[in-house]
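Scroll down for the structure; my scribbles are underneath it.
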Amino acid sequence: MSDPERSNGPARPFLNRKLAAFGTTIFAEMSALATATGAINLGQGFPDTDGPAEIAEAAARAIRDGRGNQYPPGPGVPELRTAIAAHQQRFYGLAHDPDTEVLVTAGATEAIAASLLALLEPGDEVIALEPFYDSYAACIAMAGAVRVPLTLRAPDFRLDVDALRAAVTPRTRLLLLNTPHNPTGTVLTPAELAAVAELAVSRDLLVITDEVYEHLVFEGTHTPLASLPGMRERTVTISSAGKTFSFTGWKVGWVTGTPELVTAVRSAKQFLTYVSSGPFQYAIAEALALPDAYYDSFRADLAAKRDLLSDGLAAAGFEVFRPEGTYFVTTDITPLGERDGLAFCRALPERCGVVAIPNQVFYDDKAAGASHVRWAFCKRTVVIEEAIERLSKLRK
């Protein structure tokens with residue numbers, strides 16, 4: 001016999017109301033749909049081949065040698081912190097003390113969470129480029145802060161500097177930038193970054209920059225905001241190994257900044273994972289020292305795949321916004337007679353056997369991204385070709 005006192009359950013919902021609006025991530029939903037239907041997954045941004053064999057062997061060697069099998073140091077193993085500092089110097093001329101200005105994290109996602117939790121107080125405003133990676137909104141909410149979207153609009157998805165200035169209020173604490181930008185593929189120009197820097201200095205704002213696609217720039221160049229005058233002392237720079245070396249499951253990310261900023265982020269990070277990815281940290285230390293030929297070849301391979309998928313999507317009837325960087329190409333479904341990207345993506349596996357991501361989930365302004373769909377081209381050429389063939393039936 002049931003207990004009448006327990007039949008109605010608790011009066012208060014289990015989930016914290018700050019997170020209640022977010023639900024299951026779109027990546028989990030669409031990847032599950034790909035598995036259930038056997039569709040080609042061009043949704044979630046992970047490669048379908050592993051990175052360099054010598055780096056995989058470096059991880060196996062670390063495990064065999066007992067390096068990292070137990071808790072590594074909280075800030076990260078010294079070898080990796082030194083390699084990260086050397087990487088910043090090598091590519092950007094940025095000097096960092098590996099002991100006080102580098103922090104290793106469980107991927108860039110933890111670095112973002114720790115940075116926002118550390119630097120924000122309830123009620124602070126955070127300006128973020130919209131569309132934004134979904135963890136941004138959730139982490140801002142967990143910090144009790146207020147997100148203020150700054151929309152990048154089709155077809156060029158450029159930063160509107162005047163709109164950025166107008167969005168700053170006395171409550172603005174922080175700018176959250178992502179360049180190269182996921183999902184649009186926009187790479188902020190030196191002029192755009194200079195305008196951001198001028199605003200941050202004049203209004204005494206902190207900036208978090210998510211630069212995980214730093215080595216996947218096909219047009220233009222990647223310029224770290226921290227390299228601009230006045231920005232080193234107010235910028236938390238975030239990157240990771242997953243996208244650059246095609247080992248996304250290893251979850252090795254990092255933060256660089258001044259000792260004061262890194263200490264603040266570490267104070268939050270220590271209560272999240274504390275440490276992670278022990279043996280993989282040693283392997284990524286070796287990966288960061290790979291020669292320029294690796295980075296050049298990797299970028300050229302992804303650029304060719306970008307062009308292959310972009311041309312195929314255009315032939316299938318989409319309006320294509322060819323990206324300047326990242327793994328992703330955004331399209332508009334309007335030329336196909338469609339308007340709702342979410343409904344389109346949920347139906348696409350059954351229609352064509354392909355999975356993509358609806359961009360509207362990355363927007364507060366749902367109308368701005370309602371007809372946009374994101375596709376990942378970090379797949380084998382034969383897989384992209386098969387996806388294009390399947391999508392061609394949309395025009396029939």
Practice task
May I ask you to give the solvent-accessible area per residue for the stretch 286-359, in square angstrom, as obtained with a 1.4 angstrom probe?
Solution key: 37 Å²
Handout entry: Pairs of Cα atoms farther than 26 Å apart, the stretch 214-327, %
Key = 37 percent
Handout entry: Area accessible to solvent at Thr37, 1.4 Å probe radius, in Å²
Key = 50 Å²
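Which of the GluC sites (Glu not before Pro) found in the stretch 1-96 are loop residues per DSSP with 14 or fewer other Cβ atoms within 10 Å of their Cβ?
Glu5
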Problem - Cα gyration tensor of the chain - equivalent ellipsoid semi-axes, whole Å, descending - result: 31, 27, 25
Fill in the blank from the handout: Per the C-alpha gyration tensor (a ≥ b ≥ c, the square roots of its eigenvalues), the stretch 133-177 is rounded if a/c is under 1.5, else prolate if a/b beats b/c, else oblate; here it's oblate
Exercise for the section: Provide Rg over Rh for the stretch 1-101; use the alpha carbon set for both Rg and the Kirkwood Rh (inverse mean inverse pair distance). Expected result: 1.19
Handout entry: Local electrostatic count at Leu159 - Lys and Arg +1, Asp and Glu -1, tallied over other residues with Cβ under 12 Å
Key = -2
Problem - Prolate/oblate/rounded call for the stretch 153-281, Cα gyration tensor, a/c under 1.5 rounded - result: oblate
Fill in the blank from the handout: Over its alpha-carbon atoms, the stretch 268-354 yields an Rg and a Dmax in Å of 19.5, 51
Handout entry: Rg followed by Dmax, in Å, when the stretch 106-204 is reduced to its Cα trace
Key = 13.1, 36
Fill in the blank from the handout: The answer for the net charge of residues other than Val361 whose Cβ lies under 13 angstrom from its Cβ, with Lys and Arg +1 and Asp and Glu -1, is -3
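How large is the translational diffusion coefficient of the stretch 244-396 in µm² per second when you combine the Kirkwood radius over alpha carbon pairs with Stokes-Einstein at 37 °C and 0.692 mPa s?
Roughly 180 µm²/s, to the nearest whole number.
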Problem - 14 Å beta-carbon shell around Thr172, net charge (K/R +1, D/E -1) - result: +2
Practice task
Counting only chymotrypsin sites (Phe, Trp or Tyr not before Pro) that are in a DSSP loop and have at most 16 other C-beta atoms within 10 Å, tell me the longest site-free stretch of the chain.
Solution key: 23-270
Practice task
Please go through the residue pairs Lys305/Lys393; Lys269/Lys366; Lys269/Lys379; Lys251/Lys379; Lys366/Lys393; Lys243/Lys393 and name each one whose alpha carbons sit more than 24 Å apart in this structure.
Solution key: Lys269/Lys366; Lys269/Lys379; Lys366/Lys393; Lys243/Lys393
Exercise for the section: Using only alpha carbon positions, build the gyration tensor of the stretch 166-239, then give the equivalent ellipsoid semi-axes as the square roots of 5 times its eigenvalues, largest first, whole angstrom. Expected result: 21, 12, 11
Completion exercise
With all protein chains present, the stretch 147-304 has a carbon and sulfur share of its accessible area (1.4 Å probe) in percent of 55 percent
Problem - the stretch 57-175, Rg to Rh (Cα coordinates; Rh as Kirkwood inverse mean 1/r) - result: 1.08
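Just how many % of Cα pairs in the stretch 252-317 lie over 13 Å apart, if you round to the nearest whole percent?
77 percent
The values are calculated or read from the model by the stated rules, or taken from the named source; none is laboratory data. No experiment lies behind these values; they were computed from the predicted model shown. We place every Cβ from the backbone using ideal geometry, glycine too, and count neighbours over all the protein chains shown. When the accessible area is computed, the model is the full protein with side chains, heavy atoms only, and any ligands, DNA or RNA have been set aside. Shrake-Rupley method; radii C 1.70, N 1.55, O 1.52, S 1.80 Å.
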